[in-house]
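The values are calculated or read from the model by the stated rules, or taken from the named source; none is laboratory data. All values derive from a computational prediction rather than experimental measurement. Using ideal geometry, Cβ is built from the backbone for each residue, glycine included, and neighbour counts are taken over all protein chains shown.
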Amino acid sequence: MKIVVITNCSKRKKQKVQQDLMAINLDEGLIEQVSKEWSEKVKVSNQETLPARDQYVGRSFTEVKKIEKIQNINWYIISAGLGLIDSEEAIPSYDLTITNGSSNSILKKFTCNSDISDWWEKVNEVFNQTSFPIAELIDNKKDTLFLFALTKSYFNLIKNEFSKINDKSKIRLFGYKDSSNLDQSVKKYFLPYNSSFDGPDSENKGIKNDFPRRVMRHYVDQIISKLKEPDFEKESKMVTGYLSDKSPPKILKNKKFTDEYILEKIKDFNREDYPTHRDLLKHFRHELGIACEESRFKRLFGKGSKSKSVSKTENLQFSENPKVDKVIVLSDSWKQKPHRKKLSYFIPEWDDLVDPDYDFLNDVHSGGKSQWANEVYAHQMFPEPNYDGILVSRAVAEKSKWKKELINKYGVHRLIRVPKGFPVMGDCGAFDYIMEEVPPYSTDDVLNYYTDLGFDFGVSVDHLIVKATLDQWQFRYDLTINNAEEFLREHRARGLEWTPVGAVQGWDPSSYANAAKKYVKMGYNYLALGGLVRSTTKDILYIVDEVRQLIPKEVRLHLFGIARPDAIPLMIKAGVNSIDSASHLRRAWLGAGQNYFTENGDSYAAIRIPQVGKSFRSKRIVSEGRASKKELELMESECLSLVREFDKGKANINKTLDALCTYDQIITEKRNDIRPLLEKLLNDQPWKKCPCDICKKDGVEVIIFRGNNRNRRRGFHNTYVFYKMLQEAVQKGSLNFPKEQDRSESPQTEMNLGLRICRGSNPHMDG
């Protein structure tokens, strides 16, 4: 009997990763486009290679190599960046992950809703010429047993592979059965290893992350080796028998320990196994039962970790640029905006900065390269901010080392260059850890974070309830409520001055409403409803209405990620007090028809003139021999010249349109004819009529779809328009703004002034 082991890759590689093989440097696009660009980067990279078995390092791979010493096996690696690879295959070092919280997460690059399983199919199509290489491997090998030792996210990555396997009796699964989204017909092939394997009387203890490989090693050494042929029922009984006299781990709940004790414990672990204090803290809390506040643990971690290394950003310095790095002054007119009494608008902070002196003619950054020290935020480009506050998510603020260092050094107001009187709300960024079993932050840690950095509002630690987490809804619901209770209790005990906001999650109107009622009883006077971004406007209003029936009028209500212009009057009537969204900014570069808004309600497409040297589409065209780089550069240059000449009244509209459409058809191939959209734009020339400071200063460059410095400026313009229209909507009760896709049947016809809706049953939630 032959055995094949299939395990997942690791983040750590033996060789240093070069910039060209980091997912963060990929262009955003459809999943097909992203996979194509990534494969091209890998194929042309001059990075040195190593056999996969040597390139990946860490405890988990040590476990697989131990199995090799027990029995001669072949093994394969499931790579998020390279698909299915043989352990002997030579591969480069790279950084691409399916983990949401990472800056190199491939999920951040998709401009459409895609599941991680979709990425698995695409990455294998470009590297292995098949969508389901594992299923083909299993079906082609006779008399072979396939052992899958994977973490939760990797089981979910390859979940569609299992439906393609003809004989599932050939597979054995090792890991946490209840944490994967596999079909029940597949889950039954998990061997019944449980937490007792790591109990106090176990000889196989380890960490949670390498649990699948450790139990697989035990299976090969102690279970399958004792049978003449595979028999899942017999194997399961043998595993159960082995664990029958083992006790589960003893978790010490809420026990406090001295600095000296924790420091000695930290010294027992190597930095290579736990590269950050947060990695080791998770192990301490969840595996050892040792409670410790994060900032305290971080301090001790720095003292006691073996193989201590100095952060590359530890002494990060930026050259002073007083023109850029200055805090804005709030005008009296901004401070007295009357609409805030009914509805306030927060914009999320997502590193949307631009060079104020960007050279559009030569496409050159005045500061040499883009960085915080030589770029400005939207509120620095207008006489006053076009929003009432800023929402800063911790996951976003800490996604890079330099930004994390800056916010810890300066505090949140100084980082985003607003004065203390400007409202800044903090939250944890639940979408970034949506697939984690539990949030990566403790209540104690988050309270310190909001306090130390000077937030005006702080949101309790929540966990999203969406379709992808269907089997965890009740657990996440209870966790979010318990966190909110602890959050408010500790906030009061410490006498903190900033305003606590209770994050509310649910799956239908009654679950949200019942949670909100509990929060009010706890003592909250500001609640925030989360997890509604993908819901219809109608369903959101149902939920708000239900919540408002159970909480006092004076309790403020915030909607996370919701700022739908056409629904603003209804949201005010429903009792919503504040909202946040960056959709108006993002629409500047997402989609082809609505990139530029005007105050009269019109919307326009931007003029797409991608840079040949930076566009992955242009690189593909050159590599396929459909046009030379020089030919594309000439077309690009002609388009830019004609647009600028047309703006001055010196170029014919038809000649300009011909050049733009020809270039667009070559670059984008399958896109629908954009000539009507561009013709409307050039005829109307809305950028000449706009009174905003950006359009008046940069003119036609704002309407050109080309790089961050133009696209973000257009987004700033859109936010300016939205903010003006929002104020009008609050005052007049109506809004003439381009409608976003969907949202529902017109809620205006569904609701009367008292928000009483004739309901036959609870509305279906989109998740």
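Some notes on this structure:
- Check on Asp456, surrounded by 16 or more Cβ atoms within 10 Å (Cβ to Cβ), within 18 Å of the chain's Cα centre (by Cα) and modelled with pLDDT of 95 or more: no
- Qualifying positions in the stretch 564-586 - among the hydrophobic types (A, V, I, L, M, F, W, C) and either modelled with pLDDT of 90 or more or surrounded by fewer than 23 Cβ atoms within 10 Å (Cβ to Cβ) (or both): Leu570, Met571, Ile572, Ala574, Val576, Ile579, Ala582, Leu585
- Flag if Glu37 is surrounded by 19 or more Cβ atoms within 10 Å (Cβ to Cβ) and either in contact (Cβ under 8 Å) with a residue 12 or more places away in the chain or under 28 Å from the mean Cα position of the chain (by Cα) (or both): yes
- Residue in the stretch 334-354 that is surrounded by the fewest Cβ atoms within 10 Å (Cβ to Cβ), counting only those that are part of a loop (DSSP other than H, G, I, E, B), more than 25 Å from the chain's Cα centre (by Cα) and not aliphatic (A, V, I, L, M): Gln336
- Subset tally (residues that are touching a strand residue (DSSP E or B) at 6+ places or on another chain (Cβ under 9 Å) and charged (D, E, K, R)) for the stretch 223-242: 1
- Against the criterion of being part of a loop (DSSP other than H, G, I, E, B), more than 24 Å from the chain's Cα centre (by Cα), surrounded by fewer than 22 Cβ atoms within 10 Å (Cβ to Cβ) and of a type in the set (Gly, Ala, Ser), Ser366 qualifies.
- Tallying residues that are under 23 Å from Ser180 (Cα atoms) and either of a type in the set (Gly, Ala, Ser) or not in a helix (DSSP H, G or I) (or both) within the stretch 430-464 yields 12.
- Members of the stretch 587-597 found to be surrounded by fewer than 19 Cβ atoms within 10 Å (Cβ to Cβ) and touching a residue at least 40 places away in the same chain (Cβ under 8 Å), listed by number: Leu590, Ala592, Gly593
- Being in contact (Cβ under 8 Å) with a residue 12 or more places away in the chain, of a type in the set (Val, Ile, Thr) and crowded, with 17+ Cβ neighbours inside 10 Å is a property that does not hold for Thr451.
- The single residue among Lys403, Lys467, Lys399 that is crowded, with 20+ Cβ neighbours inside 10 Å, at pLDDT below 90 and out of contact with any Cys (no Cβ under 8 Å at 6 or more places or on another chain) turns out to be Lys399.
- Any hit, the stretch 637-647, residues being modelled with pLDDT of 95 or more and in contact with a Phe, Trp or Tyr (Cβ under 7 Å, 6 or more places away or on another chain): yes
- None of Glu125, Glu63 is under 30 Å from Gly206 (Cβ atoms), over 22 Å from the mean Cα position of the chain (by Cα) and part of a helix (DSSP H, G or I) except Glu63.
- Considering the stretch 408-429, and only residues there that are in contact with a strand residue (DSSP E or B) (Cβ under 8 Å, 6 or more places away or on another chain) and in a helix (DSSP H, G or I), the residue that is surrounded by the fewest Cβ atoms within 10 Å (Cβ to Cβ) turns out to be His413.
- Summed over the stretch 694-715, residues that are of a type outside the set (A, V, I, L, M, F, W, C), in contact with a helix residue (DSSP H, G or I) (Cβ under 8 Å, 6 or more places away or on another chain) and in contact (Cβ under 8 Å) with a residue 60 or more places away in the chain total 7.
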